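The values are calculated or read from the model by the stated rules, or taken from the named source; none is laboratory data. Only a predicted model underlies this, so the values are computations on that prediction, with no experimental measurement involved. Note that each Cβ is placed from the backbone with ideal geometry, even for glycine, and that neighbours are counted across all protein chains shown. SASA here: full protein model, heavy atoms, side chains in, ligands and nucleic acids out. Shrake-Rupley method; radii C 1.70, N 1.55, O 1.52, S 1.80 Å.
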Amino acid sequence: MDKVNKKENNKNIKKFYELDLQERLQFLKKETHITEQDSEIFQDFPKNFVFNKINNMIENAIGFIPIPLGIATNFVINGRKYLIPMAIEEPSVIAAASKAAKIASIKGGFLAEADNSIMIGQIQLVSRDKRNNKDKFYFKKERDKIKKIILNNKEKLLEISNSKSRSVHAIDLQLREISDESSNKMGYMIIIELIIDTRDAMGANVINTMCELVGSELEKLTKCTVILKILSNYSTKRMARCKAIFPKELVGGLDGVNRILYAYAFAYSDIYRAVTHNKGLMNGIDGVAMATGQDVRAIEAAAHAYASKDGKYRSLTKWYRSKEGDLVGEIEIPLAIGIVGGISSVHPYVKVSLKILNIKKAKELALIMIAVGLAQNFAAIRALADEGIQRGHMRLHARNIAITAGATDEQINIVANRLVQENNVTVNKAEEIIKLINKNGTNTK
Ligand code: MEV
């Protein structure tokens, strides 16, 4: 084929994003191992969550993956009762949080607080002007000169950053100097940080827009080069913290409290345990985050960075004994979340989850999430320090195994109970039990 014809032909081949849903599925059937039957699950849209909606949310959409949505109960946070939606595929998590919340409620529930919604936007300024083979920023005098220009124009820069947004405002501009710590040795850079109050929004989009606006002006003012213009997900000016007391009688008395303090000692002092400990509490935070349409990746990244704030990765919670001998838990993490903007106003499920919570401010959502995190951590370390988590976990997991093995709705509980009784929660065993039930009725012994 000659060059012109090849070009013409390529023009006629649609890119994946140009295909409609049917064409995308046809393409997948041709290129992968999915069958006609497989592709049907991608055409089964709930009536309020149709393909067009999804296709407007992300690129190259073909469908959605449903995640179970449940309600954590018994939560009392700052004296108010909440029913808390959690979207999570892992069994036991919601039951554990609800049980922990019930125990905490005896001593008044969770006391939580959250900072204002202050975020940081970063603009990276470098100098590529060379002098004696060194860029200008190599010289402190040059860096100081540029910093002065920026600070002299602070008001103007803040005005520019706020020119496009009605509710979100940059309230300050600060400067930092850093130098490349990698082996590339790219030298010094000046980091201009916009301090932004995003109110009830998480704020990523508006912060990035502000950084880009200010970035262009900075290049004009300084004649230096702006490279990155982006929010920081390490939202340390937006912390949430929470405390709760768990009465000793309900955590196994003196010995039970002691065992939990050993569990905490392990997580505080060892990174391999700390990661799992923190994963457990993030089960709770992410569950609420998923149900309410938050950027879970941002929350996770910030939380884990904060876990290493003193140079060693540690537990995000703190546990100790009160004067009365009760168990006290505390947690603090950065939580950048929002209830306006993002998908919170377009995703039908998220809208209903937020309605269930009946909250008016993003801050309140932060209080809820942080309390669920603490509850989840309590539940996990209490179970781990006592009988272990597998018995309870397996009870729920057994239901999944029964379903996987083909149990009918009526058979699920019977099969799951038998699997647990026999301490053999496997698909093979479940299939065996189902066969017996189908042959002999429910008396399978
Ligand atoms: C499982 O999802 C979470 C746990 O592993 C947390 C922990 O070990 O603390 C149970």
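Quick notes
- Cross-link reach list, lysines versus K30, counting only Cα pairs under 28 Å and skipping chain neighbours closer than eight places: K3, K6, K7, K11, K14, K15, K53
- Nearest 10 degrees, 0 to 90: helix 140-152 Cα axis against the chain principal axis: 80
- Along the axis of the charge dipole computed for the chain (Cβ charges of +1 for Lys and Arg, -1 for Asp and Glu, origin at the Cα centre), the listed residues V372, P247, S183 are led at the positive end by S183.
- Point-charge dipole on Cβ atoms (K/R +1, D/E -1) for the stretch 51-126, about Cα centre, debye to 20: 440
- Selected from N423, A336, V352, residue furthest toward positive end of dipole (the stretch 307-445; charges at beta carbon): A336
- If the segment from T276 to K351 were pulled out straight at 0.36 nm per residue, it would be longer than the present Cα-Cα gap by 23.9 nm.
- Coil-residue GluC sites (Glu not before Pro) of the stretch 299-376, DSSP, other Cβ within 10 Å capped at 16: E324
- Compared with the dominant principal axis of the Cα atoms in the chain, helix 93-105 is inclined by about 90°.
- Net +/- balance of residues flanking K29 in space, Cβ distance below 12 Å, scoring K and R +1, D and E -1: -3
- 0 to 90° range, to nearest 10: angle between helix 348-357 axis and the chain longest Cα axis: 80
- Test item: Cα-centred dipole of the chain, Lys/Arg +1 and Asp/Glu -1 on Cβ, debye: 1160
- Summary value for the stretch 118-232: 43 percent relative contact order, contacts being C-alpha pairs under 8 angstrom separated by 6+ residues.
- Sparsely packed GluC sites (Glu not before Pro) within the stretch 128-224, loop by DSSP, other Cβ within 10 Å at most 11: E181
- Candidate lysines for bridging to K81, where Cα separation is under 25 Å - those fewer than 8 sequence places away on the same chain excluded: K99, K102, K107, K243, K248, K318, K351, K355, K360, K361, K363
- Residues of the stretch 233-264 with amide N under 18 Å of a point placed 7 Å along Cα→Cβ from K323: 244-248
- Packing, as the average of other Cβ atoms within 10 Å across residues, places the peptides 259-267, 374-382 in the order 374-382, 259-267, highest first.
- Solvent-accessible ranking of D295, D326, largest area first, probe 1.4 Å: D295, D326
- Residues of type lysines that K141 reaches as a straight line, Cα spacing below 30 Å, ignoring anything fewer than 8 places off in the same chain: K130, K154, K156, K185, K220, K223, K229
- Heavy-atom surface of the chain, accessible at 1.4 Å and reported per residue (Å²): 55
- Taking packing as the residue-averaged number of other Cβ atoms within 10 angstrom, the listed peptides 49-59, 182-192 run from highest to lowest as 182-192, 49-59.
- Along each principal axis, Cα extent of the stretch 204-282, largest first, Å: 67, 25, 17
- 15 Å reach of a label modelled at D115, 7 Å along Cα-to-Cβ, counting backbone N of the stretch 159-180: 171-174
- Distance between the pseudo-spin-label points of K185 and N132 (7 Å out from Cα toward the beta carbon): 1.6 nm.
- Estimated [θ] at 222 nm from DSSP helical runs (n ≥ 4, -39500 (n - 2.57)) normalised by residues in the chain, nearest 500: -15000 deg cm²/dmol
- Under 20 Å from the N55 label point (7 Å along Cα→beta-carbon), backbone N, the stretch 329-361: 346-348
- Note: relative contact order over the chain, using C-alpha pairs below 8 Å and six or more positions apart, is 17 percent.
- Accessible area (Å², 1.4 Å probe, nearest 10) - V425: 30
- Computed magnitude of the charge dipole of the stretch 118-232 (debye, nearest 20; Cβ of K, R +1, Cβ of D, E -1): 600
- When the Cα positions of F137, S98, A170 are compared along the charge dipole of the stretch 48-181, F137 comes out farthest toward the positive end, with charges on each C-beta of Lys, Arg, Asp and Glu.
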